[in-house]
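Q: This is the structure I want to talk about, given as structure tokens.
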């Protein structure tokens, strides 16, 4: 086939003027209405179009007889000359020298037009190239380049020069980008896919190393591999985009590390946020025991973790957004411990020490490892410029609030947060006030004197009241804690008023508010109203979440002497727990873990033991105790229940032994402390001050336990008239607390 020669334009070292009168700098060519192109394009055009030798074909003659070589030639004139060329007649080989034929000239011109954003002009130029007819020749050229023996089997098949074949693949890529820019996504997808199909069919075993940096095949292939899934995404074909990403990562195309990294990141982003769940990859080539992702989330996490590993090995430049996406993915999966490990494996200097500690603390906090989270945050707040960061101060105070023993620390951090507000927004100030109020309430539980306790309780209510005014009574957190604090201080009417307001504000959507309202009503001895509240909550709650409601309902029935109904309610509760446990084991539970179910089941059997003892049904009580020991052999509740059964039968020493074992397992178990004091007092084998220690320890842990106050008063009474005043105070406190005692503690 003849290869026509493109005329070489003349360049002048000095400034010249085009026919339009515009100055043109040396080394620039004016194309299309006088627009200047950089001199590098001019030199490239001149070098590629230079034809040594004396022969001239029809294209060169036509070019020389025209005005193309003049500086005043316009882009439209050049294209018109190209379109007038009879490419079929000119399609014969040139002698050595690397001249361009008509197809290559079109290709280069179209490439230039596309790079300057002239998509329509580029497509018009590309349309003159019969690409479908040239695809088999391109494939044959690549085969000949790689395997001469294999090419000899197809020696009769026509082929193109290798550089022309690679140029054609480049033009198909540029045509796809031009179609994309014009919004013709479907056509662009077909063009881009044809590049990968050609290379895959010509090189089924992958791209060999002979295609180095001096060959444009590999760069073109890399760009096409990245473009194809992007085109599918633009067209809304997410499943096809996922398939193309997997094809790019599984095929042995010898892609460079940067390209693979970009593909892995974009693929992970698509899996995370596309909203379409695809089938897990069918990795038949995986070795036995290898991890195979089961869903989009796991596959995205795997890709992002591979990227992090490459960052740590310095194989890729670090991209901070990868860690952000991984944080989101692991948070959505509920796997925060692995996320903490990923943060811990980051190289020093990647994250600021404050940011690193805060993120790791959040991970451990979500995994309920509060101690590690607290220590990490304290490291930030010890000294230095970060010691008064508001975010860390509030989080530390929140952690301390959830652990009542650390009430004093929580108070200190909340006050520091309020000091460092510096005119911040009201919501942050309300949050700090709320944490301060909760911390003061917790601190009051362990106050050493009544005066100090009363002062802290009063301040807690004042701070919470200020928060309510700032939020105009519409913050559910503030209203809940105001109701709870008033209930703890036995201001039941005020507590009920806030609870009703909260129920209305939440439209009955929060389970804990229903429970708080029921506990307040039970403390007011309004059991029928409390049971109605619970029934209303049960009607609005799915069976999965009815456990706490059924438990308080059974306790209210038992408090009213309705023992058989209480047993039926407990039986219903156990059925719900069993259903949730089986579903969790099958992997379909909506709850996180089974720890809550396990503790709830133990508490249910324990309540049944106490109920059966009151009904004198020893056999059923023993069976319930065996159920507790089957779940947790070393549960303090199991040994305390056994002690209560022995005590009810009159076996006081056996009961004392069981209570002692319970205290060995859990020294802060309040029921065992009280029961031990009662049995010791009945046995009379210990001095009264020694017995009193168990009751004072119990009251330090639970100041509102009326049974402990009653028995402490009995001990003072046994001591005679010298302790009559103390006994009277204890009896008075016990009577007051018993009148306002809820069926479940306020919490």
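Q: Can you find a residue that is at pLDDT below 90 and either in contact with a strand residue (DSSP E or B) (Cβ under 6 Å, 6 or more places away or on another chain) or not in a helix (DSSP H, G or I) (or both) anywhere in segment 521-534?
A: We begin by selecting, within segment 521-534, every residue at pLDDT below 90; these are none.
No, segment 521-534 contains no residue that is at pLDDT below 90 and either in contact with a strand residue (DSSP E or B) (Cβ under 6 Å, 6 or more places away or on another chain) or not in a helix (DSSP H, G or I) (or both).
Q: Is it the case that residue 692 is in a helix (DSSP H, G or I) and more than 30 Å from residue 449 (Cβ to Cβ)? Even if it seems obvious, please write down each step before you answer.
A: Details: in a helix (DSSP H, G or I): yes; more than 30 Å from residue 449 (Cβ to Cβ): no.
Considered against the rule, which asks whether it is in a helix (DSSP H, G or I) and more than 30 Å from residue 449 (Cβ to Cβ), residue 692 comes out as no.
Q: Considering only segment 498-511, state which residues are touching a helix residue (DSSP H, G or I) at 6+ places or on another chain (Cβ under 8 Å) and closer than 22 Å to residue 472 by Cα.
A: Restricting attention to segment 498-511, the residues satisfying the condition of being touching a helix residue (DSSP H, G or I) at 6+ places or on another chain (Cβ under 8 Å) are 498-503, 505-506, 508, 510-511.
Selection gives 498, 499, 500, 501, 502, 503, 505, 506, 508, 510.
Q: Going residue by residue through segment 720-741, is there one that turns out to be crowded, with 16+ Cβ neighbours inside 10 Å and farther than 30 Å from residue 522 by Cβ? Before the answer, list the steps.
A: Applying the first criterion (crowded, with 16+ Cβ neighbours inside 10 Å) to segment 720-741 yields 723, 727, 730-731, 733-734, 737, 740-741.
Checking which are farther than 30 Å from residue 522 by Cβ leaves us with 723.
Within segment 720-741 (the criterion being crowded, with 16+ Cβ neighbours inside 10 Å and farther than 30 Å from residue 522 by Cβ), the answer is yes, since at least one residue qualifies.
Q: Still on this structure, I have one more. Looking only at segment 646-671, how many residues end up being farther than 18 Å from residue 698 by Cα and surrounded by 20 or more Cβ atoms within 10 Å (Cβ to Cβ)? Spell out how you get there, then give the answer.
A: Going residue by residue through segment 646-671, those that are farther than 18 Å from residue 698 by Cα are 646-655, 657.
Keeping just the survivors that are surrounded by 20 or more Cβ atoms within 10 Å (Cβ to Cβ) gives 647, 655.
Adding up the residues that qualify gives 2.
Q: For segment 365-381, enumerate the residues that are touching a residue at least 12 places away in the same chain (Cβ under 8 Å) and more than 14 Å from the chain's Cα centre (by Cα).
A: Listed by number, the residues that qualify are 365, 370, 373, 374, 376, 377, 378, 379, 380, 381.
Q: Here's another thing I want to ask about it. Do any residues in segment 708-728 that are in contact (Cβ under 8 Å) with a residue 40 or more places away in the chain have Cβ atoms under 6 Å from those of residues that are crowded, with 19+ Cβ neighbours inside 10 Å and part of a helix (DSSP H, G or I), where the two are at least six apart or on different chains, and which pairs are they?
A: Sorted first by the residue in segment 708-728, then by its partner, the list stays empty.
Q: Being closer than 20 Å to residue 174 by Cα and either assigned to a helix (DSSP H, G or I) or at pLDDT 90 or above (or both) is the filter here, so list the residues in segment 242-261 that pass it.
A: Correct list: 244, 248, 259.
Q: For the structure I just gave you, tell me whether residue 349 is modelled with pLDDT under 80, over 25 Å from residue 318 (Cα atoms) and over 17 Å from the mean Cα position of the chain (by Cα).
A: Working: modelled with pLDDT under 80: yes; over 25 Å from residue 318 (Cα atoms): no; over 17 Å from the mean Cα position of the chain (by Cα): yes.
When the stated conditions are applied, residue 349 does not pass them.
Q: Restricting to segment 421-464, name every residue that is exposed (fewer than 15 other Cβ atoms within 10 Å of the Cβ) and either closer than 19 Å to residue 505 by Cα or touching a residue at least 40 places away in the same chain (Cβ under 8 Å) (or both). Break it down into steps so the answer makes sense when it comes.
A: Let us first name the residues in segment 421-464 that are exposed (fewer than 15 other Cβ atoms within 10 Å of the Cβ), namely 421-427, 448-452, 454-455, 458, 462.
If the condition is that a residue be exposed (fewer than 15 other Cβ atoms within 10 Å of the Cβ) and either closer than 19 Å to residue 505 by Cα or touching a residue at least 40 places away in the same chain (Cβ under 8 Å) (or both), then 426, 427 are the ones that fit.
Q: Then there's this: Among the residues of segment 228-241, which ones are surrounded by fewer than 21 Cβ atoms within 10 Å (Cβ to Cβ) and part of a helix (DSSP H, G or I)?
A: So the first thing to find is which residues in segment 228-241 are surrounded by fewer than 21 Cβ atoms within 10 Å (Cβ to Cβ), and the list is 230, 233-240.
Within segment 228-241, 230, 233, 234, 238, 239, 240 meet the criteria.
Q: Every residue in segment 164-189 that is more than 13 Å from residue 230 (Cβ to Cβ), surrounded by fewer than 19 Cβ atoms within 10 Å (Cβ to Cβ) and either in contact (Cβ under 8 Å) with a residue 12 or more places away in the chain or not assigned by TED's automatic domain parsing to the domain that holds residue 232 (or both), please.
A: 182, 186
The values are calculated or read from the model by the stated rules, or taken from the named source; none is laboratory data. Predicted model, so just to flag it, every value in this text is computed and none were measured. Here the Cβ is made from the backbone with ideal geometry for all residues, glycine too, and neighbour counts use every protein chain on show.
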